1. Of 94/180; 63/180; 63/129; 71/96; 180/205, which pairs sit farther than 28 Å apart, going by alpha carbon to alpha carbon?
2. Name the trypsin sites (Lys or Arg not before Pro) in segment 184-274 that are in a loop by DSSP and that have at most 15 other C-beta atoms within 10 Å, would you?
3. Specify which residue in the list 226, 201, 189 is farthest towards the positive end of the charge dipole of segment 173-284, using unit charges on the beta carbon of Lys, Arg (+1) and Asp, Glu (-1), about the Cα centre.
4. Please work out the FRET efficiency for the pair residue 62 and residue 83, using the Cβ-Cβ distance as r and a Förster radius of 22 Å; give the result to the nearest 0.05.
5. Counting Lys and Arg as +1 and Asp and Glu as -1, what is the net charge of the other residues whose Cβ lies under 13 Å from the Cβ of residue 254?
6. Place a label point 7 angstrom from the Cα of residue 243 along the Cα-to-Cβ direction, then list the residues of segment 203-227 whose backbone nitrogen is under 20 Å away.
7. So if each residue of separation counts as 0.36 nm, and I subtract the Cα-Cα distance between residue 188 and residue 250, what length gain in nm does that give?
8. Can you give the FRET efficiency to the nearest 0.05 for residue 102 and residue 144, using r as the Cβ-Cβ distance and R₀ = 25 Å?
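The values are calculated or read from the model by the stated rules, or taken from the named source; none is laboratory data. For clarity, every value in this text was computed on a predicted model and none was experimentally measured. Here the Cβ positions follow ideal geometry from the backbone for every residue, glycine too, while neighbour counts run over all protein chains shown. For the accessible areas, the whole protein counts, side chains as well, though only heavy atoms, and no ligand, DNA or RNA atoms are used. Shrake-Rupley method; radii C 1.70, N 1.55, O 1.52, S 1.80 Å.
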Amino acid sequence: MRNDKKRPFKGNKPKKNQPFKKEPVRKEPVRKEREMSQEELEDNFVFGNHATIEALQQGRGNKLFLQEDSKSEKVEHLKLLAKENAVPVKWVPKQKLDAMTNHGVHQGIVLAITAYEYLTLDELLDRTKEKTETPFFLILDSIEDPHNFGSILRTADATGVDGIIIPKHRAVGITPVVTKASTGAVEYIPVARVTNLAQSIATLKENSFWIFGTDMKGTDYRQWNTQGSIALIIGNEGRGMSQGLHKEVDELLTIPMTGHVQSLNAGVAAGLLMYEAYRGRNPL
């Protein structure tokens, strides 16, 4: 049987003629879905047609984002590749793709990928030994412009470079812009990321590498002896090769110039030197 007695009042009693105050309703904080940082986006997306095709063919695709209402043979080919590799396709507005790529030229195509797996120097050396006894490496000394890095990767693929070594800090890594600029060459050139370039050069010397640097004062690059195992250092776009690495090289190379501007874009200089190495190592 229900007890109709009133429950005793607990808490402070209101003063006379003062109405009861209602306790404020506590609202649970709204948890917003965490947005990916720009660094995370750079590690996990590529964009553009060529870069996307190469990443899909290498099995690195997770989800393909295509711009709404896109219709072309290119799009149909990408859909087919995605299906063959069990990669889901999602149609999204252009604004979504712009945000993903930081307003890059994405061509209506963005691919979520597994993060690029850098090699250690030892892994790069072991992998290269399976291909050749006299490898050719590039060492990029704090290259900061992703377009330069992408251009270097593209030329490296064309000239038979066996691997690229980059520092972990104060240098650009494998980003969507680098991948797009390389037109997918990043999928074919192994990249080792190291903590200390000087120590890495010492390891290369222990493995019978000749180390070459680049400087305004040095041997004319057309006289470069490119035989054997070699590693070429390409310096930073503005500062050039760091002074700490000058004493580590066996020979400095220079590209002679007669114009008023006594410097070349890092990607252009690297391209000239890579093709000189290719010419010397692959005589007619």
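1. Distance filter (> 28 Å) returns 63/129; 180/205.
2. On the way: sites: 193, 205, 217, 222, 239, 247; in loops: 239, 247.
Passing both the DSSP loop test and the Cβ count: 239, 247.
3. 189
4. 0.95
5. Values: positive: 217, 222; negative: 215, 220, 251, 276.
Computed value for this residue: -2.
6. 213-218
7. 19.5 nm
8. Once the sixth-power term is evaluated, E becomes 0.95.
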